[in-house]
Amino acid sequence: MKIRITLLALIALFTCNTILAEEPIIKFGVVTDLHYSPKHAENKKHPSRMYKITDKKLQEAVNTFNQQNVDFTAILGDIIDKFADSFEDIRPILKSLNNPYYIALGNHDFLDVYGTKTQKETLKTLGVKKPYYSFVKNNVRFIVLDSNDLSLYSRDENTPEGKEIRELYNKMKAAKIKNASKYNGTLSQKQIDWMIKLIEKSQKKGQQVICLAHMPLRPTISATDMRGKEISQMLEKYSNVKAYFSGHHHEGSEYLKGSVKYYNFKGMIEGMQNHYAIVSLYKDRIEIQGFGDQESKTIKF
């Protein structure tokens with residue numbers, strides 16, 4: 001009897017150690033919606049927004065990411081609020097990261113329309129060479145999207161893109177669709193075609209895909225990509241697309257019903273508590289470890 005109990009104990013211990021030893025395919029940090037602005041006036045409409053202290057919150061997140069040895073950090077937009085020079089306080093903090101960081105542009109990262117001197121200088125200040133791009137880490141394809149590609153604030157009304165987005169906005173507004181907003185945008189057809197081509201290429205290579213963007217696709221709330229449902233239906237045709245991570249809606253949201261898991265992280269700007277996360281990808285699930293008021297979550301495939 002004693003031998004049997006000892007054997008069972010050893011098996012249990014071995015099983016436990018095997019589970020504990022499981023390493024993620026990749027592990028990365030996530031921050032979003034800092035809206036950092038040391039000279040920003042108090043926002044009486046949104047008193048919970050702490051514009052002047054998100055640099056300190058970011059430093060806390062960076063320290064955690066370095067301690068946890070993440071593979072990279074994803075910044076999901078709205079680093080600054082409306083002053084490009086605010087980024088000068090953020091740059092040295094990001095440089096203290098031990099591993100690379102990647103930026104998905106937010107609507108507040110646009111201080112003028114595409115092509116103007118102001119916006120070119122803003123993108124240069126942020127260190128963003130291309131508004132949408134991709135990279136591969138540990139055989140996982142990350143697609144960084146530009147939710148602002150077609151928007152009222154990023155396109156001159158006299159350009160083809162400007163005319164297209166104004167037509168879409170007016171149509172949605174007339175239909176009283178809740179995400180028809182001047183601070184929302186969407187992907188151009190050119191960007192969608194590029195994204196689908198990359199997904200198909202990744203599928204042939206046996207690569208899982210995770211999309212990173214500023215604006216959520218689902219659920220449809222006021223702060224959502226203006227063509228979110230349409231784009232999500234395209235993504236859900238591909239079994240290798242696992243998740244779509246976003247910011248923009250500061251309270252956070254999720255839509256986990258289908259094959260693609262949509263998760264919207266809380267904005268760092270909100271309240272005195274911090275909001276950031278470490279995401280670990282496994283074969284059968286995604287583990288989100290939340291810090292501060294960012295919740296932790298297990299998302300199973």
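The values are calculated or read from the model by the stated rules, or taken from the named source; none is laboratory data. It should be emphasised that the depicted structure is a prediction, and the values quoted were computed from it without experimental measurement. In this analysis, Cβ positions are derived from the backbone assuming ideal geometry, glycine residues included, and neighbour counts consider all displayed protein chains. All accessible areas refer to the heavy atoms of the entire protein, side chains included, with ligands and DNA or RNA removed. Shrake-Rupley method; radii C 1.70, N 1.55, O 1.52, S 1.80 Å.
Some observations on this one:
- Among 173-184, 233-244, the peptide with the highest mean count of other Cβ atoms within 10 Å heads the list, and the full ranking is 233-244, 173-184.
- By accessible area with a 1.4 Å probe, ligands and nucleic acids excluded, highest first: order of His249, His35: His249, His35
- Taking every full run of DSSP H in the chain, none both stretches at least 30 Å from end to end by Cα along its long axis and averages 0.0 or higher on the Kyte-Doolittle scale.
- Kirkwood Rh, angstrom, region 102-210 [1 / mean 1/r, Cα pairs]: 15.2
- Reciprocal of mean inverse Cα separation for region 159-279 (Kirkwood radius, Å): 15.5
- Relative packing of peptides 109-122, 149-162, 75-88, 39-52 - highest average C-beta neighbours within 10 Å first: 75-88, 149-162, 109-122, 39-52
- A simple spin-label model places pseudo-atoms 7 Å from Cα toward Cβ; at Glu287 and Thr116 they are separated by 4.7 nm.
- Each principal axis of the Cα cloud of region 209-301 was taken in turn, and the coordinate range along them, longest first, works out to 41, 32, 18 Å.
- The helix-only estimate of mean residue ellipticity at 222 nm for the chain, built from DSSP H runs of length n ≥ 4 each weighted as -39500 (n - 2.57), is -9500 deg cm²/dmol after division by the residue total.
- When each of Lys45/Lys171; Lys182/Lys237; Lys27/Lys242; Lys173/Lys257; Lys39/Lys130 is checked by Cα-Cα distance, pairs over 19 Å: Lys45/Lys171; Lys182/Lys237; Lys173/Lys257; Lys39/Lys130
- Lys, Arg +1 and Asp, Glu -1 on Cβ, resulting dipole of the chain about Cα centre, debye, nearest 20: 720
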